[in-house]
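Here the structure comes first, spelled out in structure tokens, and everything after it is commentary.
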């Protein structure tokens, strides 16, 4: 009897592998899906961390090449004039005619907002000298249109010149009183390099940095990466009419479900690994190749892997179950798309929970428990109570999700094809 | 060779409020080609799905018999090949890969499956298309692939749901010839169709299903005699005189889904 059962189990396992292999072959043959699921996640963080800053730098350089016109209302001190020089600005001087405060635009509002391509003024600097004990004292305001890129750029350049001039005025006033800038503004100061005073090693810092990213990446990409294959292998099969023929084979529905689950989980894991590799490469690139290997013990790595696996089992089973219930690919997509937020929301929230003195019940809550477990594993915190709680509850959630998926996969209407 | 047959005893199958089959009793014997003939929504597909264990009867039993021993219908699957109405092929796989996938799930080695597939493919004049991707296959080519897939593990019973529906004359003829050949070689084929002429041509026995009940069964001659008509079509009309139902069994929807549908459609009509 035992031999028969073992043989049956072997047969089921073999069928699970046959289903998973076929689904993976089917998946790999669709180049668009491979592009979306493997290459895009691999490239997304390098694109965000490397390409985006380079692109922004290029845009800023392009903006700085524009010659902009600033009208100075009131007397323009020579010191300020020298600071405005070299900023690619055309300065027009006019008289200051203001009733209220300098910030109230009055009729100048129309002049800045006119959109007239003729003699356009990008910003207006208003200056009024006032009496004080300082070497000089002025009130000023810069009128600009924050919705106009060139006007905003003109304001930034003008403000920069004004602030540099202000620093000169402060230093001159201090000098009159025999004081230096540091004596006046930094009388109690840090001696040496602040980073040197931090006893955490580079590896510890790297691990802490990863603890900020990894749980979010795992949660976000596991949930999103599993959506498309989950839909394709369930609602997609129903819609294409392939499900009925498949269910007529002697393979049990649980073996079919596990085979499909294995394929989806493999795709999701490869996607997550791709995204992590991209993330680490981008961080390393930004730090000029100086990123130290994170200090994570073998226990930490094992706990991290366990948490990722349990989370993947849970998420993929839920997504498969929801997709099985849907009558069409469109319906499954419209349900699963917003459902991602149910997983990502708690993950985001859990990122800000203090690990110091954390209450044990956090490790019972679904999704929260896995995020916190990943954070603790990366930070080298191994609390046996926490580990027991998140492992046992995650296992329970994963089993519950599989049972639910299995129940959905045993529905009679699974054979119905909308086509 | 394992002798297998199927026994349907007083089976009723309901979907919610709709009864798709009512008190159906019928046996399928080894070595016969049986035609299930009936209109749309008569219950032919429901009966076929009960025979391959995809549906559970609401009441009654569906059993297989292997070596004269009754077996659960699910354990019969190794002895059954099925061609559903929607052929159900994977577009990114070749015809042979589709066939091989199912034969592997049936526990058959690739060599044996290939030998069987090649033999039947030659009969269907399809052997040159086995290594082509099924994307872009015509209806006839899809049907042939599905037939080869169902035959690849050497089943004793073949269940065909409208196998010639939508096929051109030549393809339909090829499929009919193959079915007849399988019957002549001792195989059991259960064949659902709308087409009486086709059933008369291919089947040893015809079962007329109407509004979820079996109205008559027997050879074409027996049916004509029972209806006292000289023509099978006339006999069919006489045996199914009452108006055919138009409501098809709805899907097994949940309580919330049903309440939502009823609220929007006010009793099942279309949303206005």
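The values are calculated or read from the model by the stated rules, or taken from the named source; none is laboratory data. For clarity, every value in this text was computed on a predicted model and none was experimentally measured. When we count neighbours, we look across all protein chains shown, and the Cβ atoms used for this are built from the backbone with ideal geometry, even at glycine.
Listed conditions (1) away from every other protein chain (no Cβ under 14 Å); (2) touching a strand residue (DSSP E or B) at 6+ places or on another chain (Cβ under 7 Å); (3) in a helix (DSSP H, G or I) are all met by residue B:174, apart from (2).
This table checks each residue for (1) under 27 Å from residue A:229 (Cβ atoms); (2) away from every other protein chain (no Cβ under 14 Å); (3) touching a strand residue (DSSP E or B) at 6+ places or on another chain (Cβ under 8 Å).
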{"residue": "A:331", "(1), (2), (3)": "yes, no, no"}
{"residue": "A:341", "(1), (2), (3)": "yes, yes, no"}
{"residue": "A:347", "(1), (2), (3)": "yes, yes, no"}
{"residue": "A:352", "(1), (2), (3)": "no, yes, no"}
{"residue": "A:358", "(1), (2), (3)": "no, yes, no"}
{"residue": "A:364", "(1), (2), (3)": "no, yes, no"}
{"residue": "A:376", "(1), (2), (3)": "no, yes, no"}
{"residue": "A:406", "(1), (2), (3)": "yes, yes, no"}
{"residue": "A:411", "(1), (2), (3)": "yes, no, no"}
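Against the list (1) away from chain B (no Cβ under 14 Å); (2) surrounded by 15 or more Cβ atoms within 10 Å (Cβ to Cβ); (3) touching a helix residue (DSSP H, G or I) at 6+ places or on another chain (Cβ under 7 Å); (4) farther than 30 Å from residue A:92 by Cβ, the condition residue A:184 fails is (2). With respect to the conditions (1) in a helix (DSSP H, G or I); (2) surrounded by 12 or more Cβ atoms within 10 Å (Cβ to Cβ), residue A:110 lacks only one, and its number is (2).
Are there any helices (runs of 4 or more DSSP H) wholly within the range B:71-157 with 1 or more residues that are within 11 Å of chain A (Cβ to nearest Cβ), and if so which? Can you show your working first?
Numbers: elements: B:95-105, B:110-123, B:139-151.
The qualifying helices (runs of 4 or more DSSP H) are B:95-105, B:139-151.
Only one of the listed residues (B:71, B:83) is modelled with pLDDT of 90 or more and either within 15 Å of residue A:249 (Cα to Cα) or in contact with a strand residue (DSSP E or B) (Cβ under 6 Å, 6 or more places away or on another chain) (or both). That residue is B:83. If the condition is being in contact with a helix residue (DSSP H, G or I) (Cβ under 8 Å, 6 or more places away or on another chain) and either touching a residue at least 60 places away in the same chain (Cβ under 8 Å) or in a strand (DSSP E or B) (or both), then the range A:74-105 contributes A:77, A:79, A:80, A:83, A:84, A:87, A:88, A:89, A:91. Among the conditions (1) touching a helix residue (DSSP H, G or I) at 6+ places or on another chain (Cβ under 9 Å); (2) without any contact (Cβ under 8 Å) to a residue 12 or more places away in the chain, residue A:214 misses just one, which is (2). When A:268, A:245, A:255 are checked against the criterion of being within 14 Å of chain B (Cβ to nearest Cβ), closer than 29 Å to residue A:393 by Cβ and buried (at least 21 other Cβ atoms within 10 Å of the Cβ), a single residue qualifies: A:255. Only one of the listed residues (A:370, A:381) is more than 14 Å from chain B (Cβ to nearest Cβ), in contact (Cβ under 8 Å) with a residue 24 or more places away in the chain and not in a helix (DSSP H, G or I). That residue is A:381.
Comparison of A:196, A:158, A:164, A:223 shows that the only residue that is over 28 Å from the mean Cα position of the chain (by Cα) and crowded, with 17+ Cβ neighbours inside 10 Å is A:158.
Look at (1) exposed (fewer than 13 other Cβ atoms within 10 Å of the Cβ); (2) within 24 Å of residue B:180 (Cβ to Cβ) and you find that residue B:113 fails only one, number (1).
The lone criterion from (1) facing another protein chain (nearest Cβ under 10 Å); (2) over 17 Å from residue B:146 (Cβ atoms) left unmet by residue B:66 is number (1). Please indicate, with yes or no, whether at least one residue in the range B:39-60 is surrounded by fewer than 16 Cβ atoms within 10 Å (Cβ to Cβ), part of a strand (DSSP E or B) and either without any contact (Cβ under 8 Å) to a residue 40 or more places away in the chain or within 14 Å of another protein chain (Cβ to nearest Cβ) (or both). There is no residue in the range B:39-60 that is surrounded by fewer than 16 Cβ atoms within 10 Å (Cβ to Cβ), part of a strand (DSSP E or B) and either without any contact (Cβ under 8 Å) to a residue 40 or more places away in the chain or within 14 Å of another protein chain (Cβ to nearest Cβ) (or both). Based on what the data block shows, is residue A:43 in a helix (DSSP H, G or I), surrounded by 15 or more Cβ atoms within 10 Å (Cβ to Cβ) and modelled with pLDDT under 85? Here the answer is yes, as residue A:43 does meet what is asked.
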